[in-house]
Amino acid sequence: MVDIKAQPFAFPAKPDQIALIVIDMQRDFAEPGGFGESLGNDVSRITKIVPDVKRLIEGFRKAGLPVIHTMECHRPDLSDLPPAKRDRGNPSLRIGDEGPMGRILIAGEPGTAILPDLAPINGEIVIEKPGKGAFYATDLGDILKQRCITQLVFAGVTTEVCVQTTMREANDRGYECLLAEEATESYFPEFKTAAIAMIRAQGAIVGWTAHVDDILEAIHA
Ligand code: C5J
């Protein structure tokens, strides 16, 4: 056991049971022409965290600890896309529409891919998920059980949507969750701040939050 300096108190990391989960660092959320921009968001906020996500991933790899990636995406026939999700809001491009990087949020399309700087390497698990939470309609829970993983460090986007949803799903399933503060981002700075506060309130009711440097220092100890 090694303590990671965290809020609201130290995170008791178990190096043989911990994994990094990188949520949805996809071109569709980070690049012009993708889903994020079609919803009217400033996607440059997302690309700014790439260096911090990258050093977290590289730190876990160097320490021999598992790295799991998720991608929000749907089948080409849209059979896993509820109309309630497709029709929500007023985007300039809907999920499944043809955009400048291929069909929006469809598995296998160029825009759906993980950013090249953060791409999975051989042997790393990639979870394709149709929902905001990574446990819904995926085999993530079984994969974690098989590997005896009980603690998850979170990075990725967006803090208050797919990251927070997955942290809450994981927390309810008994996982201890730690969010890497500089390695997550929202299109709305105030939502990131609020999500971090909500997660660690009431004695870490959803989980802990920590700085990337403190996580890296502890896992290399
Ligand atoms: C959103 C996500 N924001 N990955 N997806 O629609 O957070």
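Throughout, read-outs are computed from the coordinates displayed, never taken from laboratory work. Only a predicted model underlies this, so the values are computations on that prediction, with no experimental measurement involved. Cβ coordinates were reconstructed from backbone atoms using ideal geometry, including for glycine residues, and neighbour counts include every protein chain displayed.
Each row is one residue, and each column tells you yes or no for (1) within 17 Å of the chain's Cα centre (by Cα); (2) closer than 27 Å to residue 35 by Cβ; (3) loosely packed, with under 14 Cβ neighbours inside 10 Å.
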site: 115; (1), (2), (3): yes, yes, no
site: 135; (1), (2), (3): yes, yes, no
site: 139; (1), (2), (3): yes, yes, yes
site: 152; (1), (2), (3): yes, yes, no
site: 160; (1), (2), (3): yes, yes, no
site: 183; (1), (2), (3): yes, yes, no
site: 188; (1), (2), (3): yes, yes, no
site: 207; (1), (2), (3): yes, yes, no
site: 214; (1), (2), (3): no, no, no
Options 67, 50, 22; residue that is touching a His at 6+ places or on another chain (Cβ under 7 Å) and either aliphatic (A, V, I, L, M) or away from the ligand (no atom under 15 Å from the Cβ) (or both): 22
Please enumerate the residues belonging to the range 26-56 that are within 13 Å of residue 156 (Cα to Cα) and in contact with a Pro (Cβ under 9 Å, 6 or more places away or on another chain). 27, 45
Can you list residue pairs whose Cβ atoms sit under 6 Å apart, with the first residue in the range 113-126 being within 14 Å of residue 156 (Cβ to Cβ) and in contact (Cβ under 8 Å) with a residue 60 or more places away in the chain and the second being in a strand (DSSP E or B) and polar (S, T, N, Q)? Count only pairs 6 or more apart in sequence or on different chains. 114/26
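From 148, 177, which residue is more than 19 Å from residue 35 (Cα to Cα), of a type outside the set (Asp, Glu) and touching a Gly at 6+ places or on another chain (Cβ under 8 Å)?
Numbers: 148 fails: touching a Gly at 6+ places or on another chain (Cβ under 8 Å).
When all the criteria are applied, what remains is 177.
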Looking at the range 47-56, can you tell me whether even one residue there is touching a Lys or Arg at 6+ places or on another chain (Cβ under 8 Å) and touching a residue at least 24 places away in the same chain (Cβ under 8 Å)? no
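Name the residue that is surrounded by the fewest Cβ atoms within 10 Å (Cβ to Cβ), counting only residues in the range 77-112 that are of a type in the set (Ser, Thr, Tyr) and either in contact (Cβ under 8 Å) with a residue 12 or more places away in the chain or at positive phi (or both). Full working, then the answer.
To start, the set of residues in the range 77-112 that are of a type in the set (Ser, Thr, Tyr) comprises 79, 92, 112.
In the following step, the residues that additionally are either in contact (Cβ under 8 Å) with a residue 12 or more places away in the chain or at positive phi (or both) were identified as 92, 112.
On the way: 92: 10, 112: 25.
Top of the filtered list is 92.
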Any residue in the range 1-24 that is assigned to a loop (DSSP other than H, G, I, E, B) sitting within a Cβ distance under 8 Å of a residue that is aromatic (Phe, Trp, Tyr)? List the pairs, counting only those 6 or more apart or interchain. 6/208; 8/208; 9/208
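For the condition closer than 24 Å to residue 214 by Cβ and either acidic (Asp, Glu) or more than 15 Å from the ligand (Cβ to nearest atom) (or both), what is the one hit in 179, 144, 78, 118?
Numbers: 179 fails: either acidic (Asp, Glu) or more than 15 Å from the ligand (Cβ to nearest atom) (or both); 78 fails: closer than 24 Å to residue 214 by Cβ; 118 fails: either acidic (Asp, Glu) or more than 15 Å from the ligand (Cβ to nearest atom) (or both).
From the options 179, 144, 78, 118, the qualifying one is 144.
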